[in-house]
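Input: a single structure, listed below in structure tokens.
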Amino acid sequence: MRPVIRAYDALLYTMAVAAALALVWLMVSVVISVAMRNLGMQPFAWLFTSAEYGLLYMTMLGAPWLVRERGHVHIELVTAALPAAVRRFVSRAVALACVAVSLTLAWYGLQLFLTNIERNDFDVRAYFYPRWLLTITFPIAFSFMAIEFARFVFGRELLHSGEAGIHE
Amino acid sequence: MEWYEALGLLVGSIMLLMALGMPVALAFLAANILGAWVFMGGERGVVQLLNNGWGALTTFALVPIPLFLLMGEVFFQTGLGGRMFSAIDRLLGRLPGRLSYVTVLGGTGFSTLSGSSMGSTALMGSLMVPEMGRRGYKKHMSIGPILGTGGLAIIIPPSALAVLLATLAQIDVGALLIAGVIPGLILAALYVGTIYLQTRLDPEAAPPYDVPPISVGEKIQLLFRDVVPMIGLMVVIVIMMINGIVTPSEAAAFGALGVLILAALYRCLSWRAIRNSVRGALRVTLMAYLIVFGSATFSQLLAFSGASRGLITWATGFELDPVAMLLVMFGVLLILGMFMEQISIMLLTVPIFFPLATQLGFDPIWFGLIMLLALEISFTTPPFGLLLFVMKGVAPSDTTMREIYRAAIPFILCSLLLVALLIMFPVLATWLPGLG
Amino acid sequence: QQTITAVHAFPETLIYTQSFLSFVDAVNAAGEGVIQIDVRGGPEAIGMFQQPDAVRDGIVDMVYTPGSFYGGTVPEKDALVASNLTAIETRENGGIALIDQLHRERMGVMYLGWFDSGVCYNLWTRDEPTFDAEGNLEVDGLRLRGNAVYNAFFTNYLEAQVIDLPTGDVYSALQNGVVDATGWTQIGLIDLRWNEFLNYRIEPCFFSTDLGVIINLETWDGLTPEAQQILQDTAIQHEIDSVNALRTKRDEDFAALDEAGMQVVELEGEARTNYLAAARTTTWDRMRELMEENPAPSSDYDRLIELFYDPSAD
Ligand code: NA
Ligand code: NA
């Protein structure tokens, strides 16, 4: 089991690093394309398109890591008002609901990805970009998110702190 | 299904899930799965939800926000921001709440030019809230003005949202932009008055410490060493935008690059600072963009199911006198603004509201301005205003929900007061465009 | 009575949407007790670029959208883009029937009608355009706003410096001088108020709008023959009506622009011929390439060209 967990963790952090690189790429691609334009050159169209696609890759690849960091903002009203034992139960139930949502989207994300391959779908911008290259992020990201939320269902830590307010 | 049942189902489920403490993005997604199932025909509706999600995310308009966040984080993590504010502190001397005024000025300048109140909130929030906290300001003295600047930015030209509204409503773009100038100045004055009142009523809200007096020579040195380069960077970016070297959406990238270069010149750019900056920017971006992913479809479900159009038609169907009718439309905008993003609201309401406004004898420019104010107010209205979540993301982790709400309310009241003034004295909006 | 749902790609106030809504009104009047169209909204109800998939998957029954929004699925839409005919002639010569067949094969939708045809695109510039010795347009230093539809022409033929911008950003880009020229349909410049910054229209116009109504095939097959007849007849009538209505609108727009000082500059002779030919062939080449990569049973390049392009109509 250990090596599996270690490999999983490594993958999760690799995805987060890829998300961080995508963020930096946003800056780099815009700077290059503006510089080219103002030097009288034709900016490569893929600079613009890669920034747009980069937003999706960034969000999807980073989302599971953010669950681990408890960085997805939530509001604590009900959970804060409950006695500790009930709160633990509600908190785990909410995490379970998040697992269900993530799994649902992972499943239909997989369907979408397969449909895109089968139909040979393209996203048409400056280039014809195979759509499955975008939608493949769904089954991966949402499966990882499901696992991360499951840690708050079964693990030692809770999703909620018990203090009223918006939390992240 | 009747529109109110659809509305009840969609809004009810999201409110319930959020109240139970489900992360906001997941609550949107859960409500979407339910809504897509009911209104879009089962499984294929869920697939559509995912298609919408990537469609909403892969738009260039979202590029500036992470870059503004990066800019603010680098400013903060390298200590450049700290240097600048210490210097401004010492230069401005004893004015109580001085950094709050600086925030209004800087935030308005930034969001008005970048056209992104989310980006500006992200930048100013990550820059000012920790710095001002460190200097003994109470949190509402930084959070409030930052949330307020969005409302100011949307009506002071240039304003991308105003251009879009004018285009959709087919009214004069230039007139709508110019119409915002006087109300914008009034709103800025109201903000200044609010900060002044806050420091008078509660002297502890802003640091009461005395700044040691410094000589003119020291002042000049401070100014040129710690203030001019940083402000200069902003000025350079503004000039680049005005001269058409960059578009407003591209400006943020140069802001981030510029701060990195500045930090390198000041020899405070460590790997650690870079890493922490990217990490900080990424955290808030991911949080906000997964909400964008979810709320894009939620907006669409409200529209597709007929819920929002039902609400609009119902609310505007009463025979009321013009002012009451205006307040009804204003209220509808605020309610929709709690759950939908601004462009969708415009697409939905403009075709109904503008003919109605004409019929009621309203000046379309004046009405457009009030609509813009309503849209921006709804962006910061508790409990779901997206800017509140962004603020929560960038503010220090011990910041509570209550603090953010409390900080927002006085500035929302200023905007409402401005709307009241516009209703009483429409000439405030119509005088300037009428000259041309 | 049967009811089908519909969405449209553009905001409700846009002229092309108004045209579609008048078609809906005509169907609902003619189809009382038989067939009704329930319009659910525009891009706020289903995202502009998600609408083709939505109709294909049956989430909505009918969509009014440019073919270019699903050009990756039905590359033959470029026959419409490069056409110099309108729906009136191509309905008669069987062109639209072939396009319908291709939509059925490639996408599982039926192509009900090509609306608002006969509108073409011009280049609009801020400064007076200049020409070389052969009378060709000089594009050096021109900052031209582009998008996926016309970039093949702009970059490959004109070799212009193209800046991709969403429509919503063009107003401020023109204002700041980020761009100083754009392609746009003959109609609508005034509605977008870009004429505040643009002073020259370059003739001839090129390309054609490719707006059409597509219906999910299962929905279509589930309609009664009577309902199908009403939809088809009304659509064919609207193909004709919209050509005429938009011609009138174009003349009005041009007159208003003239009055406001818009200058018209014409390419002449061989330069003109080359310009038009380039717009067309770059588009046809793109279509041929995609068709060859992934042919459908009815993909027939030569036949498409023959039906949608009449050399004598230039
Ligand atoms: Na502004
Ligand atoms: Na909101």
Practice task
Would you be able to say whether some residue in segment C:233-241 is under 20 Å from the mean Cα position of the chain (by Cα), buried (at least 23 other Cβ atoms within 10 Å of the Cβ) and over 14 Å from C:Met62 (Cβ atoms)?
Solution key: yes
Handout entry: Tally of residues being within 14 Å of chain A (Cβ to nearest Cβ) and either touching a strand residue (DSSP E or B) at 6+ places or on another chain (Cβ under 7 Å) or open to solvent by 50 Å² or more (accessible area, probe 1.4 Å) (or both) across segment C:289-314
Key = 5
Problem - Qualifying residue in segment B:24-35 (condition: open to solvent by 20 Å² or more (accessible area, probe 1.4 Å) and modelled with pLDDT under 90) - result: no
Handout entry: Test result for B:Phe389, outside any loop (DSSP other than H, G, I, E, B), away from ligand 1 (no atom under 16 Å from the Cβ) and in contact with a strand residue (DSSP E or B) (Cβ under 8 Å, 6 or more places away or on another chain)
Key = yes
Completion exercise
Per the filter on segment C:38-52, residues open to solvent by 10 Å² or more (accessible area, probe 1.4 Å) and either closer than 27 Å to C:Ile230 by Cβ or more than 7 Å from chain B (Cβ to nearest Cβ) (or both) are C:Asp38, C:Val39, C:Arg40, C:Met48
Handout entry: Within segment C:148-202, considering residues that are part of a strand (DSSP E or B), within 23 Å of C:Ala260 (Cβ to Cβ) and open to solvent by 30 Å² or more (accessible area, probe 1.4 Å), the one nearest to the other protein chains (Cβ to nearest Cβ)
Key = C:Trp184
Problem - Candidate set from segment B:394-405 (those that are in a helix (DSSP H, G or I) and surrounded by fewer than 24 Cβ atoms within 10 Å (Cβ to Cβ)); member that is nearest to ligand 2 (Cβ to nearest atom) - result: B:Tyr405
Exercise for the section: Considering only segment B:366-376, state which residues are open to solvent by 10 Å² or more (accessible area, probe 1.4 Å) and either within 12 Å of chain A (Cβ to nearest Cβ) or within 16 Å of ligand 1 (Cβ to nearest atom) (or both). Expected result: none
Practice task
Check C:Ile59, C:Ile46 and return the single one that is in a loop (DSSP other than H, G, I, E, B) and over 26 Å from C:Tyr171 (Cβ atoms).
Solution key: C:Ile59
Fill in the blank from the handout: Going through (1) hydrophobic (A, V, I, L, M, F, W, C); (2) modelled with pLDDT under 80; (3) within 16 Å of ligand 1 (Cβ to nearest atom); (4) closer than 29 Å to A:Phe48 by Cα one by one, B:Ile155 fails only at (4)
Exercise for the section: Could you list, in sequence order, all residues of segment B:86-122 that are among the polar types (S, T, N, Q), at pLDDT 80 or above and more than 12 Å from the chain's Cα centre (by Cα)? Expected result: B:Ser100, B:Thr103
Exercise for the section: For B:Leu80, work out the one condition from (1) buried (at least 23 other Cβ atoms within 10 Å of the Cβ); (2) modelled with pLDDT under 80 it doesn't fulfil. Expected result: (2)
Exercise for the section: Output yes when any residue across segment B:73-85 is within 12 Å of chain A (Cβ to nearest Cβ) and in a helix (DSSP H, G or I), and no when none is. Expected result: yes
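Yes/no per residue for (1) away from ligand 1 (no atom under 15 Å from the Cβ); (2) over 18 Å from the mean Cα position of the chain (by Cα); (3) among the aliphatic types (A, V, I, L, M):
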{"position": "B:Leu127", "(1), (2), (3)": "yes, no, yes"}
{"position": "B:Glu131", "(1), (2), (3)": "yes, yes, no"}
{"position": "B:Arg135", "(1), (2), (3)": "yes, yes, no"}
{"position": "B:Lys138", "(1), (2), (3)": "yes, yes, no"}
{"position": "B:Ile143", "(1), (2), (3)": "yes, no, yes"}
{"position": "B:Thr149", "(1), (2), (3)": "no, no, no"}
{"position": "B:Ala169", "(1), (2), (3)": "yes, yes, yes"}
{"position": "B:Gly174", "(1), (2), (3)": "no, yes, no"}
{"position": "B:Ala189", "(1), (2), (3)": "yes, yes, yes"}
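Just to check your reading of the model, which residue among B:Leu334, B:Leu347, B:Leu311 is open to solvent by 10 Å² or more (accessible area, probe 1.4 Å), in contact with a strand residue (DSSP E or B) (Cβ under 9 Å, 6 or more places away or on another chain) and either within 16 Å of ligand 2 (Cβ to nearest atom) or among the acidic types (Asp, Glu) (or both)? Steps first, answer last, please.
Values: B:Leu334 fails: in contact with a strand residue (DSSP E or B) (Cβ under 9 Å, 6 or more places away or on another chain); B:Leu311 fails: in contact with a strand residue (DSSP E or B) (Cβ under 9 Å, 6 or more places away or on another chain).
Of the residues listed, the single one that is open to solvent by 10 Å² or more (accessible area, probe 1.4 Å), in contact with a strand residue (DSSP E or B) (Cβ under 9 Å, 6 or more places away or on another chain) and either within 16 Å of ligand 2 (Cβ to nearest atom) or among the acidic types (Asp, Glu) (or both) is B:Leu347.
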Exercise for the section: Would you please list the contacts, defined by Cβ atoms under 6 Å and residues six or more apart or on different chains, that run from a residue in segment B:285-306 that is at the interface with chain C (Cβ under 7 Å from one of its Cβ atoms) to a residue that is basic (Lys, Arg) and open to solvent by 10 Å² or more (accessible area, probe 1.4 Å)? Expected result: B:Phe304/C:Arg40
Completion exercise
With criteria (1) over 23 Å from C:Tyr70 (Cβ atoms); (2) part of a helix (DSSP H, G or I), B:Ala56 comes up short on (1)
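Hey, does segment B:327-342 have a residue that's at pLDDT below 85, within 12 Å of another protein chain (Cβ to nearest Cβ) and within 16 Å of ligand 1 (Cβ to nearest atom)? Give the steps one after another, and end with the answer.
Going residue by residue through segment B:327-342, those that are at pLDDT below 85 are B:335-342.
Among the residues that remain, those that are also within 12 Å of another protein chain (Cβ to nearest Cβ) are: B:336, B:340-342.
Checking which are within 16 Å of ligand 1 (Cβ to nearest atom) leaves us with B:342.
Checked segment B:327-342: at least one residue is at pLDDT below 85, within 12 Å of another protein chain (Cβ to nearest Cβ) and within 16 Å of ligand 1 (Cβ to nearest atom).
Test B:Gly8 against the stated conditions and say whether it is in contact with a Phe, Trp or Tyr (Cβ under 6 Å, 6 or more places away or on another chain), more than 9 Å from chain A (Cβ to nearest Cβ) and within 21 Å of B:Phe339 (Cβ to Cβ).
On the way: in contact with a Phe, Trp or Tyr (Cβ under 6 Å, 6 or more places away or on another chain): no; more than 9 Å from chain A (Cβ to nearest Cβ): yes; within 21 Å of B:Phe339 (Cβ to Cβ): yes.
Here the answer is no, as B:Gly8 does not meet what is asked.
For segment C:71-90, which residues satisfy the criterion of being of a type in the set (S, T, N, Q), more than 14 Å from chain A (Cβ to nearest Cβ) and not in a helix (DSSP H, G or I)? Don't jump to the end; show me each part of the working.
If we filter segment C:71-90 for residues that are of a type in the set (S, T, N, Q), which is where we start, we get C:73, C:83-84, C:86, C:90.
Retained after the next criterion (residues that are more than 14 Å from chain A (Cβ to nearest Cβ)): C:83-84, C:86, C:90.
Result: C:Ser83, C:Asn84, C:Thr86.
If I filter segment C:158-181 for residues that are over 24 Å from A:Asn38 (Cβ atoms) and small (Gly, Ala, Ser), do I get at least one hit? Even if it seems obvious, please write down each step before you answer.
Just the residues of segment C:158-181 that are over 24 Å from A:Asn38 (Cβ atoms), to begin with: none.
Looking through segment C:158-181, none of the residues is over 24 Å from A:Asn38 (Cβ atoms) and small (Gly, Ala, Ser).
Please tell me if B:Pro203 is farther than 22 Å from C:Asn176 by Cβ and modelled with pLDDT of 80 or more.
So B:Pro203 fits the description; yes.
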Practice task
From C:Asp25, C:Asp53, C:Asp61, grab the single residue that is among the acidic types (Asp, Glu) and within 17 Å of B:Gly55 (Cα to Cα).
Solution key: C:Asp53
Practice task
Looking at (1) more than 16 Å from ligand 2 (Cβ to nearest atom); (2) open to solvent by less than 10 Å² (accessible area, probe 1.4 Å); (3) modelled with pLDDT of 85 or more, find the lone condition where B:His140 falls short.
Solution key: (2)
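The values are calculated or read from the model by the stated rules, or taken from the named source; none is laboratory data. Computed from a predicted structure; not experimentally measured. In this analysis, Cβ positions are derived from the backbone assuming ideal geometry, glycine residues included, and neighbour counts consider all displayed protein chains. Ligands, DNA and RNA are excluded from the accessible area calculation, which covers all protein heavy atoms including side chains. Shrake-Rupley method; radii C 1.70, N 1.55, O 1.52, S 1.80 Å.
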